[in-house]
Amino acid sequence: MKTKQSILAAGLLLLLCAAISLASPNFTGEWKMNASKSDFGQMPPPSNIVQKITHEDPSLKVASTWTGDQGEMTSNFTYTTDGKECTNSSPMGEMKSTLKWDGDVLVSESKADFQGNAATITSRWTLSEDGKTLTEKTHFSSSMGEGDMTVVYDKQ
């Protein structure tokens, strides 16, 4: 009888561990750009980016402040991580995005029209194992060209 209980307990423990390992990362927190680890490619880098993220899957809200040579720009975006299309407005124009999980990576695919230039933007968000570093790798393409950038954020 004890052997069956031990096997059952071990099986339940394995299922619990598997469920925990399958849980998606949670990006909630205040994140500040680490300029020395970020790469903006051919784009001029901002002097600072701060993102305040509220993540209660599938809801994801991102309040961003970018500071650079041309002043400060803020945005507030609301998404879902279940693949449903979300529409957000930014200082540059309207953007339609879908977000979905690819394992433990959150993939965002967006289409926008920035002042008459159609653009496609794909981002991949990853969270470090210790939950203290958020990395956002982005590829963008438009009629003006294409490029890549990586922004690394430290949790505050």
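Every number in this text was worked out from the coordinates using simple rules, so none of it is lab data. Note that the structure is predicted; figures quoted are calculated from it, not measured. Note that each Cβ is placed from the backbone with ideal geometry, even for glycine, and that neighbours are counted across all protein chains shown.
Couple of notes before you dig in:
- Sites listed here are trypsin sites (Lys or Arg not before Pro) in segment 52-85 whose DSSP assignment is loop and whose Cβ has at most 12 other Cβ atoms within 10 Å: Lys84.
- Relative to the longest principal axis of the Cα atoms of the chain, helix 2-22 runs at roughly 0 degrees.
- Positive end of the dipole of the chain (Cβ unit charges, origin at the Cα centre): among Gly68, Ser142, Thr81, the Cα lying farthest that way belongs to Thr81.
- Summing +1 for each Lys or Arg and -1 for each Asp or Glu among the other residues whose beta-carbon sits under 14 angstrom from that of Trp66 gives -1.
- In nm, spacing of pseudo-spin labels at Arg124 and Trp101 (7 Å Cα→C-beta vector): 1.8 nm
- Cut-off 14 Å between beta-carbons: net charge of the residues surrounding Ser108, Lys and Arg +1, Asp and Glu -1: +2
- Non-local Lys pairs in segment 25-155, i.e. 8 or more apart or on different chains, that have alpha carbons under 13 Å apart: 10
- Dividing the C-alpha radius of gyration of segment 13-156 by 2.2 N^0.38 Å, with N its residue count, gives 1.08.
- Loop sites in segment 126-155: trypsin sites (Lys or Arg not before Pro), DSSP, at most 15 other Cβ within 10 Å: Lys132
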